[in-house]
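> Below are the structure tokens for one structure; questions will follow.
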Amino acid sequence: MPTIEARIATGRASRYLAQLCRHAVAMGRPGNRPIIHGRAAGGDELRVSTEWDGRHGVLTFDPPGRCTLDAGDTTLFVRIDADDEHTLVQIRDTVTRDLQRFGRRYGLTPAWHVIDGSIE
């Protein structure tokens with residue numbers, strides 16, 4: 001199972017965690033179009049469900065994949081696991097775009113590190 005992680009230095013870790021999770025909830029509601037938001041070059045759809053509290057969140061994607069977020073005092077920890085490399089890249093690109101947009105004032109950019117598997 002391919003896995004990547006990012007540790008993002010920020011004093012706003014819990015804020016970005018909540019913002020990403022709220023956004024995922026909105027994208028997963030009936031009537032919204034999460035397929036547009038998460039469409040990859042191959043045209044595959046990403047659907048998402050979300051659970052979170054103040055310091056921990058999990059975005060569960062279909063096709064099978066998961067993004068786990070943990071907010072420390074000065075770091076946002078993000079881990080993505082997926083059933084295959086293609087799905088992992090889709091999730092990575094979606095999460096990266098959202099985090100960069102939310103943190104654009106502060107230059108928030110995840111630097112991903114491969115934990116397991118080969119990634120594009």
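The values are calculated or read from the model by the stated rules, or taken from the named source; none is laboratory data. Computed from a predicted structure; not experimentally measured. Using ideal geometry, Cβ is built from the backbone for each residue, glycine included, and neighbour counts are taken over all protein chains shown.
> Output the residues belonging to segment 54-66 that are at pLDDT below 95 and over 15 Å from Asp81 (Cβ atoms).
Gly54 - this is the single residue of segment 54-66 that is at pLDDT below 95 and over 15 Å from Asp81 (Cβ atoms).
> Would a scan of segment 67-80 turn up a residue that is in a helix (DSSP H, G or I) and either at pLDDT below 95 or under 22 Å from Pro2 (Cβ atoms) (or both)?
no
> Continuing with the same structure: Restricting to segment 97-116, name every residue that is closer than 15 Å to Thr10 by Cα and either assigned to a helix (DSSP H, G or I) or not aliphatic (A, V, I, L, M) (or both).
Within segment 97-116, Leu99, Gln100, Arg101, Phe102, Gly103, Arg104, Arg105, Tyr106, Gly107, Thr109, Pro110 qualify.
> Still on this structure, please answer the following. Within segment 3-36, work out how many residues are crowded, with 20+ Cβ neighbours inside 10 Å, modelled with pLDDT under 95 and in contact with a helix residue (DSSP H, G or I) (Cβ under 7 Å, 6 or more places away or on another chain).
The total comes to 1.
> Could you check segment 72-95 and list, in sequence order, the residues that are in contact with a Pro (Cβ under 6 Å, 6 or more places away or on another chain) and surrounded by fewer than 18 Cβ atoms within 10 Å (Cβ to Cβ)?
Residues satisfying the conditions are Asp83, Glu85.
> Out of segment 1-20, which residues are of a type in the set (Val, Ile, Thr) and either in contact with a Pro (Cβ under 8 Å, 6 or more places away or on another chain) or not in a loop (DSSP other than H, G, I, E, B) (or both)?
Scanning segment 1-20 gives Thr3, Ile4, Ile8.
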